[in-house]
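In what follows, a single structure is set out as structure tokens and then discussed.
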Amino acid sequence: MKGSLHTDKLMAAAVARDGGLRTGRRLSHVFAMDVPSYPKALFVTDAAINIFPDLKTKPDIVQNAVDLLHALGIAMPKVAILSAVETVNPAIPSTLDAAALCKMADRG
């Protein structure tokens, strides 16, 4: 946790154009959690940096997390797209995005 340090100060080096850390994808982050009641580590991506990402941004966020898990030795990470409800509901845009992301995953 970063405490009282402002995010812009913490992230300045990571987002610097000449720092060598940027890629062609949108920047995102991953929380790694050890939950004693669950047998595996859990990873939650982008709960803070991209506050309200659009559908164009979400594949980058997912791919960043998958790439991190590959680097950590997890060959086939399971990905869950979370929303307020389990079924597609046109009144809840995040469910439409979740359906689109699932279709993108099906298509590779």
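Throughout, read-outs are computed from the coordinates displayed, never taken from laboratory work. Owing to the predicted nature of the structure, the values given are computational and were not obtained by experimental measurement. Every residue, glycine among them, receives a Cβ derived from its backbone with ideal geometry; neighbour counts consider all protein chains shown.
Put +1 on the Cβ of each Lys and Arg and -1 on the Cβ of each Asp and Glu in the chain; which of 105, 23, 94 then has its Cα farthest toward the positive end of the dipole? Checking the options against the dipole of the chain, the answer is 23. For the chain, the fraction of alpha-carbon pairs lying more than 24 Å apart is 33 percent, rounded to a whole number. Here the chain is assigned +1 on the Cβ of each Lys and Arg and -1 on the Cβ of each Asp and Glu. Its dipole about the Cα centre then comes out at about 180 debye. Each residue, residue 18 and residue 47, gets one label point 7 Å from its Cα in the Cβ direction; the gap between the two is 3.6 nm. Near residue 103, which aspartates and glutamates are there with a Cα under 19 Å away, not counting those fewer than 8 places off in the same chain? Hits, sequence-local ones excluded: 54, 60, 86.
Cα centroid separation, region 5-60 to region 73-102: 18 Å. Averaged over residues, the count of other Cβ atoms within 10 Å places the peptides 35-45, 21-31 in the sequence 21-31, 35-45, highest first.
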